[in-house]
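Presented below is the structure to which this report refers.
The values are calculated or read from the model by the stated rules, or taken from the named source; none is laboratory data. This structure is a prediction, so every number in the text was calculated from the model and none was measured. Note that we place each Cβ from the backbone using ideal geometry, even for glycine, and neighbour counts take in every protein chain shown. Side chains are part of the model used for accessible areas, which takes the heavy atoms of the whole protein and leaves out ligands, DNA and RNA. Shrake-Rupley method; radii C 1.70, N 1.55, O 1.52, S 1.80 Å.
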Amino acid sequence: MQFQQLQYFVAVAETRHFTRAAEVVHVAQPSLSQQIRSLERELGADLFLRARGNITLTDAGEALLPLARRILADADTARQEVQELAQLKSGRVRLGATPSLCTGLLPDVLRSFHDRYPGIRLMIEEGGSHDLVRELARGALDLALVVLPLPAPAPALTTVELLREDLVVVSSPDAPRPGRRRSVRIADLEGERLVMFRHGYDLRELTVTACRAEGFEPDFAVEGGEMDAVLGFVRAGLGVAVVPHMVATRAGADLRVTPLARPGLHRTIALAHRSDVAPPRAARELQRMLLEG
């Protein structure tokens, strides 16, 4: 049974005339008649009672007509949905990002994307770079914002550097300024109580590694939180934290922000996707906006 045969069958059923049906589907009448006969042979039943000037449906034709109409309607719906997706009118983008980027970088970009393409659903997954790389590899994400270098070699991923961001120290305005200066050296964090992120957080590994490079183990006042929790604990005066500059500038006036003295600490953010599968059209558009923004 061919899709074209169902189109011809429905045209004859609705016009009750082979010649007019051929005109409706823009095909020669002998060709249409031949396809109808072929469909009847395949189904093993006549679909029409043919009398001069009078074409009527048989019982088999009456049974097939609603099914054929449904198949044709489903095909038209599928065509329309694919075309709308191609035109960025519908669909989804599955984006992974570290929590700090969800707080700092993404809100403005996602707002612009949503304003331009309101029919595209944005599905965001927060996680550390290690988790996001794994989700990309198994096809659960279209794109991910990750911190370079990646936690493990990922030859199946393509990464494009997006930005290089400074890290800063945040503290409660009611507490003494860390290091007692306008800028903080990593060595000044020795003896400070740190509010530390959970294991798997890129910022945790970066901060701990920097402290050990200065010859000391960081002292944790609280550990195990996500970004919002860490900022809340710092506001409460439990300790200081090392966070991205974008996050600190959005955190509000109730936190003191102190830059790190040169050479400071930085992190490189990259946009990653699978090398073997091209991102969907909507994801490629979000990728373009992120790279240009």
* Residue check for Val222: within 21 Å of Asp166 (Cβ to Cβ) and of a type in the set (Val, Ile, Thr) -> no
* Top-ranked residue in segment 152-184 [being in a loop (DSSP other than H, G, I, E, B) and under 26 Å from the mean Cα position of the chain (by Cα); ranked as modelled with the highest pLDDT] -> Ala156
* Determine which single condition Gly127 fails, assuming it passes every other condition in (1) crowded, with 16+ Cβ neighbours inside 10 Å; (2) in contact with a Leu (Cβ under 7 Å, 6 or more places away or on another chain). => (2)
* Structure fact -> Selection from segment 273-289 of residues open to solvent by less than 10 Å² (accessible area, probe 1.4 Å) and farther than 17 Å from Gln87 by Cβ yields none
* Is it the case that segment 44-57 has a residue that's within 22 Å of Pro280 (Cα to Cα) and either of a type in the set (Asp, Glu) or outside any helix (DSSP H, G or I) (or both)? -> no
* In segment 7-21, the residues that are in a helix (DSSP H, G or I) and either open to solvent by less than 70 Å² (accessible area, probe 1.4 Å) or over 10 Å from Leu32 (Cβ atoms) (or both) -> Tyr8, Phe9, Val10, Ala11, Val12, Ala13, Glu14, Thr15, Phe18, Thr19, Arg20, Ala21
* To do: Count, please, the residues in segment 144-196 that happen to be open to solvent by 30 Å² or more (accessible area, probe 1.4 Å), touching a helix residue (DSSP H, G or I) at 6+ places or on another chain (Cβ under 6 Å) and acidic (Asp, Glu).
  => 2
* Structure fact -> The residue that is most open to solvent (accessible area, probe 1.4 Å), considering only those in segment 130-143 that are in a helix (DSSP H, G or I) and among the aliphatic types (A, V, I, L, M), is Ala137
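Table: residues versus (1) open to solvent by less than 40 Å² (accessible area, probe 1.4 Å); (2) modelled with pLDDT under 90; (3) farther than 18 Å from Leu132 by Cβ.
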residue: Ala210; (1), (2), (3): yes, no, yes
residue: Asp219; (1), (2), (3): no, no, yes
residue: Pro244; (1), (2), (3): yes, no, no
residue: Asp254; (1), (2), (3): no, yes, yes
residue: Ala261; (1), (2), (3): yes, no, yes
residue: Leu271; (1), (2), (3): yes, no, no
* Structure fact -> Only unsatisfied item for Val82, checking (1) more than 13 Å from the chain's Cα centre (by Cα); (2) open to solvent by less than 80 Å² (accessible area, probe 1.4 Å); (3) of a type in the set (A, V, I, L, M), is (2)
* Would you check if Leu64 is open to solvent by less than 80 Å² (accessible area, probe 1.4 Å) and assigned to a strand (DSSP E or B)? => no
* Quick one: is Leu57 within 23 Å of Met289 (Cβ to Cβ), of a type in the set (A, V, I, L, M) and surrounded by 15 or more Cβ atoms within 10 Å (Cβ to Cβ)? -> no
* Structure fact -> Matching residues in segment 94-118 (in a loop (DSSP other than H, G, I, E, B), under 14 Å from the mean Cα position of the chain (by Cα) and surrounded by fewer than 22 Cβ atoms within 10 Å (Cβ to Cβ)) number 1
* Considering every residue within segment 28-43, establish whether at least one is loosely packed, with under 12 Cβ neighbours inside 10 Å, part of a helix (DSSP H, G or I), within 45 Å of the chain's Cα centre (by Cα) and modelled with pLDDT of 90 or more. => no
